[in-house]
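Asker: One structure, pasted below without further comment.
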Amino acid sequence: MTALDGIRILDFTHVQSGPTCTQLLAWFGADVIKVERPGVGDATRSQLRDIPDVDSLYFTMLNHNKRSIELNGKNETGKAVLERLVKSCDVLVENFAPGALDRMGFTWEHIHELNPRMIVASIKGFGPGPYEDCKVYENIAQCAGGSASTTGMFGDLPMVTGSQIGDSGTGLLLAYGIVTALFQREQTGLGQKVSASMQDGVLNLCRVKLRDQQRLQHGPLEEYSQFGEGIPFGSAVPRAGNDSGGGQPGRILKCKGWESDPDSYTYFITQAAAWKNVCDVIGKPEWKDDPDYATPNARLPRLQEIFATIEQWTMTKTKFEVMDICNALDIPIGPILSMEELAEEQSLRDTGTIVEVDHPTRGKYLSVGQPVKLSASPVEVKRSPLLGEHTQEILAEVLEYSPDEIADIRASGAVGEAKT
Ligand code: COA
């Protein structure tokens with residue numbers, strides 16, 4: 001038994017944001033039917049390929065536990081098949097460019113008429129407003145959502161992050177909206193529209209910077225390095241390098257081996273509650289009672305000197321030694337882990353956060369698994385479907401077309417060639 005047993009999703013998503021959402025739902029047991037253009041499929045199948053003629057890691061890592069039907073939504077017979085799918089699914093998820101679904105003839109009104117219980121969930125780049133018609137990819141969302149202007153080193157270019165907060169982040173939010181709408185449907189018996197924009201999603205994740213924007217009206221941001229360096233603030237929140245965005249000052253500090261290892265660093269937080277332990281461990285016990293260092297407020301103008309002193313100590317230890325020593329003293333710190341280290345981390349394999357999957361044409365590969373764990377809904381990550389792998393099965397078993405009807409549908413070109 002899984003949490004979303006019995007929920008069927010008509011998955012009209014592509015690239016990253018939408019597929020993230022439907023994959024999360026599939027992992028909790030929803031039957032996800034991915035609709036792909038005959039012979040073409042999701043564009044990511046062939047993007048950034050590492051092995052010729054094999055579905056890319058980009059695609060396989062975003063489309064686990066789904067079934068694939070090749071279906072041309074612009075062909076008349078294809079539209080009729082699609083209507084039948086709408087009637088037999090609970091949720092339609094899409095992240096086409098604005099207006100594409102309407103152009104295909106599947107407006108909210110039409111879908112609602114076909115199946116009043118259906119939830120229609122969409123991701124777009126922007127919500128209603130001046131940019132609502134724009135196509136958007138990840139980095140555009142990071143730039144338009146306030147992340148890029150607040151990421152990077154002071155005085156340097158705006159910077160995008162490696163975390164796909166616009167795509168995967170918004171996919172996650174949409175999944176939350178869909179499950180909430182399914183819950184409301186229990187009361188009303190009706191579907192509704194669920195919309196998430198990537199700009200909104202990124203901005204939501206950047207709330208601490210909107211907080212700082214308003215704090216700036218009342219004085220400089222004293223926990224920013226810029227303050228310690230005596231550089232005046234402008235009218236907008238500046239890029240703050242690796243300064244902590246929380247109320248406890250933190251920085252990235254070098255560890256033993258940093259000269260040759262680009263990831264030999266630790267994040268170090270001078271949490272007020274652990275300050276005395278910090279003083280002891282770095283060999284500055286006198287700071288514990290010195291009025292210039294004893295309180296968080298007294299330390300604010302001295303953070304540059306304080307972190308430089310802590311770094312003198314962290315540079316004598318590896319990042320893992322720093323972790324072991326500080327963790328035992330309740331000092332919140334964390335090593336900078338490379339992708340290589342994460343891929344090899346056994347505890348992440350044990351919890352299913354990283355999984356090894358076998359694929360018929362690719363062989364074994366690593367993927368991220370479900371990051372949210374439900375104690376009564378186990379997740380088994382299954383490989384992504386080949387293009388059109390389940391077309392026949394969906395036509396016959398889900399939509400209950402007869403063999404003659406299936407032959408006619410195939411003859412119309414609506415679903416591509418039969419797979420052997
Ligand atoms: N049958 C028939 N037509 C299909 C189809 C199918 N099964 N699947 C897709 N199509 C058509 C669409 O209807 C659309 O046709 P139209 O433009 O004639 O109306 C066309 O394929 C292309 O869709 P579109 O979404 O415009 O793709 P794109 O590759 O040009 O743009 C994005 C890609 C991601 C920029 C765009 O989809 C977008 O902005 N999406 C919303 C934001 C988003 O999710 N971005 C992040 C993606 S990770």
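The values are calculated or read from the model by the stated rules, or taken from the named source; none is laboratory data. Just so it is clear, the model here is predicted, and its values are computed rather than measured. Reconstructed Cβ throughout: ideal geometry from the backbone, glycine too, with neighbour counts over all protein chains shown. All accessible areas refer to the heavy atoms of the entire protein, side chains included, with ligands and DNA or RNA removed. Shrake-Rupley method; radii C 1.70, N 1.55, O 1.52, S 1.80 Å.
Asker: Taking only Cα atoms, what is the 0 to 90° angle, nearest 10, from helix 17-27's long axis to the longest principal axis of the chain?
Answerer: Around 80 degrees separate the two axes.
Asker: Once both axes come from the Cα atoms, what is the angle between helix 319-328 and the longest principal axis of the chain, in degrees from 0 to 90, rounded to 10?
Answerer: 80 degrees
Asker: Enumerate the aspartates and glutamates that Lys373 could reach by cross-link, defined here as Cα to Cα under 14 Å, with residues fewer than 8 away along the same chain left out.
Answerer: Asp350
Asker: Let me ask something additional. Go ahead and estimate [θ] at 222 nm for the chain from helices alone: -39,500 (n - 2.57) per DSSP H run with n ≥ 4, summed, over the residue count, rounded to 500.
Answerer: -9000 deg cm²/dmol
Asker: In addition: Would you tally the net charge around Lys254, using a Cβ to Cβ cut-off of less than 12 Å, leaving Lys254 out, and scoring K and R as +1, D and E as -1?
Answerer: So the surrounding residues net to 0.
Asker: Take the Cα coordinates of the chain, assign each an equal point scatterer, and use the Debye formula without solvent to give log10 I(q)/I(0) at q = 0.07, 0.08 Å⁻¹.
Answerer: Debye intensities relative to I(0), on a log10 scale: -0.45, -0.57.
Asker: For the range 221-337, which whole percent of the accessible surface, found with a 1.4 angstrom probe, sits on carbon and sulfur atoms?
Answerer: Ligands and nucleic acids excluded, carbon and sulfur reach 52 percent.
Asker: Using the alpha-carbon centroid of each, what span in Å lies between the range 14-65 and the range 88-112?
Answerer: 19 Å
Asker: Over the Cα atoms of the range 55-152, what is the Rg over Rh ratio if Rh follows Kirkwood?
Answerer: That ratio equals 1.04.
Asker: A further question follows. Cβ neighbours within 10 Å, averaged per peptide: list 149-160, 380-391 in order, most packed at the top.
Answerer: 380-391, 149-160
Asker: Rounded to the nearest Å, what's the spacing between the alpha carbon centres of the range 358-404 and the range 280-327? Just the number, please.
Answerer: Each part reduced to its Cα centre gives a spacing of 51 Å.
Asker: Working from Cα positions, state the angle (0 to 90°, nearest 10) between the long axis of helix 303-314 and the longest principal axis of the chain.
Answerer: 80 degrees
Asker: So how exposed is Thr318, as accessible area in Å² (1.4 Å probe, rounded to 10)?
Answerer: 50 Å²
Asker: Okay, next question. Report the extension gain between Asn327 and Lys135 in nm, rounded to one decimal, defined as 0.36 nm multiplied by the number of residues separating them, less their alpha carbon distance.
Answerer: The Asn327-Lys135 span can extend by a further 64.6 nm.
Asker: Apply the a/c threshold of 1.5 to the C-alpha gyration tensor of the range 336-391 and tell me whether it is rounded, prolate or oblate.
Answerer: Here the range 336-391 falls in the oblate category.
Asker: Counting only heavy atoms of the protein chains, get the accessible area per residue of the chain (1.4 Å probe) and round it to a whole Å² value.
Answerer: Solvent-accessible surface per residue comes out at 50 Å².
Asker: Using only the Cα atoms of the range 29-68, what are the Rg and Dmax in Å?
Answerer: Considering the range 29-68 through its Cα atoms, Rg and Dmax are 10.6, 32 Å.
Asker: Another one. Under 25 Å Cα to Cα from Lys284, which lysines show up? Leave out anything in the same chain fewer than 8 places away.
Answerer: The reachable lysines, counting only those whose Cα sits under 25 Å from Lys284, are Lys254, Lys256, Lys276, Lys317, Lys319.
Asker: Dipole size in debye (nearest 20) for the range 81-196 around its Cα centre, Lys and Arg Cβ +1, Asp and Glu Cβ -1?
Answerer: 220 debye
Asker: Using DSSP, restrict attention to beta bridges with both residues in the chain and report what percent are antiparallel, rounded to the nearest 5.
Answerer: 40 percent
Asker: What's the Cα-based Rg to Rh of the range 197-254, Rh via Kirkwood?
Answerer: Value, to two decimals: 0.99.
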